[in-house]
1. Hey, could you check segment 297-311 for residues that are assigned to a helix (DSSP H, G or I) and open to solvent by 10 Å² or more (accessible area, probe 1.4 Å) and say which is modelled with the lowest pLDDT?
2. Is there a residue in segment 111-120 that is surrounded by 23 or more Cβ atoms within 10 Å (Cβ to Cβ) and either touching an Asp or Glu at 6+ places or on another chain (Cβ under 7 Å) or assigned to a loop (DSSP other than H, G, I, E, B) (or both)?
3. Tally the residues that are of a type in the set (Asp, Glu), free of Cβ contacts under 8 Å to residues at least 40 places away in the same chain and surrounded by 15 or more Cβ atoms within 10 Å (Cβ to Cβ), restricting the search to segment 90-110.
4. Please indicate, with yes or no, whether at least one residue in segment 167-186 is open to solvent by less than 30 Å² (accessible area, probe 1.4 Å), within 18 Å of Leu240 (Cβ to Cβ), assigned to a helix (DSSP H, G or I) and in contact with a Pro (Cβ under 8 Å, 6 or more places away or on another chain).
5. Anything in segment 121-131 that is open to solvent by less than 70 Å² (accessible area, probe 1.4 Å) and more than 20 Å from the chain's Cα centre (by Cα)? List them, or say none.
6. Are there strands (runs of 3 or more DSSP E) fully within segment 1-89 with at least 3 residues that are surrounded by fewer than 24 Cβ atoms within 10 Å (Cβ to Cβ) and touching a helix residue (DSSP H, G or I) at 6+ places or on another chain (Cβ under 9 Å)? List them.
7. Go through the residues of segment 153-166 one by one and say whether even a single one is in a strand (DSSP E or B) and either touching a Pro at 6+ places or on another chain (Cβ under 8 Å) or not aromatic (Phe, Trp, Tyr) (or both).
8. In this structure, is Thr204 touching a Lys or Arg at 6+ places or on another chain (Cβ under 8 Å), farther than 15 Å from Arg16 by Cβ, of a type in the set (Ser, Thr, Tyr) and exposed (fewer than 15 other Cβ atoms within 10 Å of the Cβ)?
Amino acid sequence: MAETQATPLEVLTIGRVSVDLYPQQSGVPLSKVQTFYKSIGGSPTNVAVACARLGRRAGVVTRVGDDGFGEYIRAELAEKFGVDNRYVSTDPELRTALAFCALDPPTDPPLLFYREPRGPEMNLRPEDIPDLAATVPVLWTAGSRFAQEPSRSTVLGVLKQREHRPYTVLDLDYRPSFWASPQEAGAHISQAVDLATVAVGNRTECEIAVGTADPHGAADRLLERGVSLAIVKQGADGVLVATPETRAEVLPKTVEVVCGLGAGDAFGGSLADGLLAGLDPVEIVTRANAAGAIVAGRLACSDAMPTPGEIDEMLAREPTNPSESPE
């Protein structure tokens with residue numbers, strides 16, 4: 001594993017990064033878009049940005065190409081967002097990944113990935129991983145890490161080294177274009193579930209990982225597999241948060257959606273922040289819902305991540321009343 005430097009991190013994410021290009025014309029297909037806005041993307045990288053925006057010391061392990069887009073990512077992470085970029089390595093052969101989206105519809109924008117023949121972070125190897133990955137307070141990774149080798153074995157190795165240390169967070173993150181079939185995805189993401197202490201995903205992602213889209217059934221299966229905090233996103237029905245002792249459903253926040261892409265990553269960053277703060281699970285998810293809603297009302301992902309004050313303001317404006325019951 002790569003050596004670390006002196007500054008202790010609170011959050012380390014492992015996964016993809018890309019340059020995302022957001023259309024400046026909404027409600028039209030990609031073929032009709034005339035101009036784009038450039039920003040950093042890639043779910044685990046966005047989560048690190050969200051954590052930094054919330055005041056946490058965050059870093060990301062990923063790979064970029066030896067090109068101008070890779071240079072842009074490194075500079076933006078460190079200089080604009082305050083994310084530790086020491087573990088952003090350069091792949092000698094592959095280009096930095098790109099992702100285009102069309103705001104058509106804004107609530108669920110389609111993404112067009114340029115990752116041929118693969119994204120450089122799929123080449124992550126053990127030597128790319130800092131030693132602190134085994135002990136950092138929050139380690140965050142995503143289901144897409146397990147789509148190809150050597151990334152799959154590398155990240156599984158990190159999860160095994162943590163030995164169920166809190167907080168080992170798995171975003172179930174099913175991206176169909178990364179896999180040959182849902183069955184292949186399920187087989188590999190399922191292995192990571194057994195090594196996580198916190199799991200978060202929507203109903204489809206839960207079905208891929210543990211075989212059921214029923215929120216309570218999925219939570220039961222995640223907890224049975226050793227997860228201590230299971231979070232199942234239900235869209236307009238809110239978020240189910242479950243521990244071995246209690247569970248509750250937290251209502252969603254209402255917002256006029258500008259772009260739905262970054263909401264989940266803002267949710268993730270706030271979730272990590274809440275874990276570090278020692279908040280109870282319902283409060284964690286309540287704040288994470290607010291963070292996601294704020295970003296859904298903005299264009300882009302990384303640039304749109306909220307501050308603690310913005311989350312507080314939304315919660316003051318629209319209180320949430322979760323329903324909670326003991327197990």
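The values are calculated or read from the model by the stated rules, or taken from the named source; none is laboratory data. Computed from a prediction, not measured in an experiment: that's the story for all the values here. Methodologically, a virtual Cβ is constructed for each residue, glycine included, from the backbone with ideal geometry; neighbour enumeration extends over all protein chains shown. The protein model used for the area step is the full one, side chains on, heavy atoms only, and it has no ligands, DNA or RNA in it. Shrake-Rupley method; radii C 1.70, N 1.55, O 1.52, S 1.80 Å.
1. Out of the qualifying residues, it is Asp303.
2. The answer is yes, given that some residue of segment 111-120 is surrounded by 23 or more Cβ atoms within 10 Å (Cβ to Cβ) and either touching an Asp or Glu at 6+ places or on another chain (Cβ under 7 Å) or assigned to a loop (DSSP other than H, G, I, E, B) (or both).
3. Going through segment 90-110 one residue at a time, the tally reaches 1.
4. So far as segment 167-186 goes, no, none of its residues is open to solvent by less than 30 Å² (accessible area, probe 1.4 Å), within 18 Å of Leu240 (Cβ to Cβ), assigned to a helix (DSSP H, G or I) and in contact with a Pro (Cβ under 8 Å, 6 or more places away or on another chain).
5. Correct list: Asp131 only.
6. Result: 36-41.
7. So far as segment 153-166 goes, no, none of its residues is in a strand (DSSP E or B) and either touching a Pro at 6+ places or on another chain (Cβ under 8 Å) or not aromatic (Phe, Trp, Tyr) (or both).
8. No: the conditions fail for Thr204.
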